[in-house]
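For reference, the structure discussed in these notes is given below.
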Amino acid sequence: MTHSGLFTLIFTGVWCLVGVVFLAVGIGLRRRFFRMEERLRARSEGTVAEVVRRVNQGARGDSVGWYPIVEFMADGHKISLESASGGRKRFYEGQKVQVLYDPDDPTCFRLESDNTLRLMGGIFLAVGLGCVTIGVAVALLVKVFGGSVPIE
């Protein structure tokens with residue numbers, strides 16, 4: 001095998017491997033989102049009672065997130081819980097929100113507008129597909145042009 005053939009094999013393999021990893025993570029995130037959707041089959045209108053500021057410590061330093069505390073009715077009981085998803089300040093006290101929750105365990109809930117898992121899954125799928133496409137495209141170009149891609 002020539003040096004260019006070995007390089008092409010390694011280049012294609014790395015891009016395809018990275019792509020497959022991204023695809024697997026994307027599929028996993030999307031599956032988790034849809035399993036959660038099946039579980040959260042009850043719906044209630046809730047009210048943002050408070051918005052809590054939290055400092056999240058990360059590898060690249062601290063970041064601030066705003067987490068809504070939501071009150072809603074489930075099975076005739078008033079529930080007040082902090083949402084697990086936070087970020088930029090997009091909620092305000094008194095705001096009406098739709099809450100999806102598990103009728104067997106109302107503490108398991110999410111706001112209807114929170115599609116973070118679905119969105120992240122889609123991003124990982126797109127990046128994975130792009131990586132695999134690059135790997136395969138380079139391999140095909142090298143095969144078609146015999147290792148010398150004309151540039152004009």
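The values are calculated or read from the model by the stated rules, or taken from the named source; none is laboratory data. What you see is a predicted model; the values in this text were computed from it and never measured. Every residue, glycine as well, gets a Cβ built from its backbone with ideal geometry; the counts of neighbours run over all protein chains shown.
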Selection from the stretch 7-23 of residues that are in contact (Cβ under 8 Å) with a residue 24 or more places away in the chain and not aliphatic (A, V, I, L, M): THR8, PHE11, THR12, GLY13, TRP15, CYS16, GLY19, PHE22
I'd like to verify a number: residues in the stretch 99-152 that are under 30 Å from LEU6 (Cα atoms), within 21 Å of the chain's Cα centre (by Cα) and among the hydrophobic types (A, V, I, L, M, F, W, C), how many? 7
Restricting the stretch 131-140 to residues that are loosely packed, with under 14 Cβ neighbours inside 10 Å and not hydroxyl-bearing (Ser, Thr, Tyr), which is farthest from VAL25 (Cα to Cα)? LEU140
How many residues, within the stretch 46-74, are surrounded by 11 or more Cβ atoms within 10 Å (Cβ to Cβ), out of contact with any Gly (no Cβ under 7 Å at 6 or more places or on another chain) and either on the phi > 0 side of the Ramachandran plot or acidic (Asp, Glu) (or both)? 1
Turns out the strands (runs of 3 or more DSSP E) fully within the stretch 34-98 with at least 1 residues that are modelled with pLDDT of 85 or more, aromatic (Phe, Trp, Tyr) and more than 24 Å from the chain's Cα centre (by Cα) are 61-74
Any idea how many residues of the stretch 99-135 are closer than 13 Å to PRO68 by Cα, out of contact with any Leu (no Cβ under 9 Å at 6 or more places or on another chain) and not in a loop (DSSP other than H, G, I, E, B)? 0
Can you find, within the stretch 84-130, the residue that is surrounded by the fewest Cβ atoms within 10 Å (Cβ to Cβ) among those that are of a type in the set (Ser, Thr, Tyr) and under 28 Å from ALA24 (Cβ atoms)? SER113
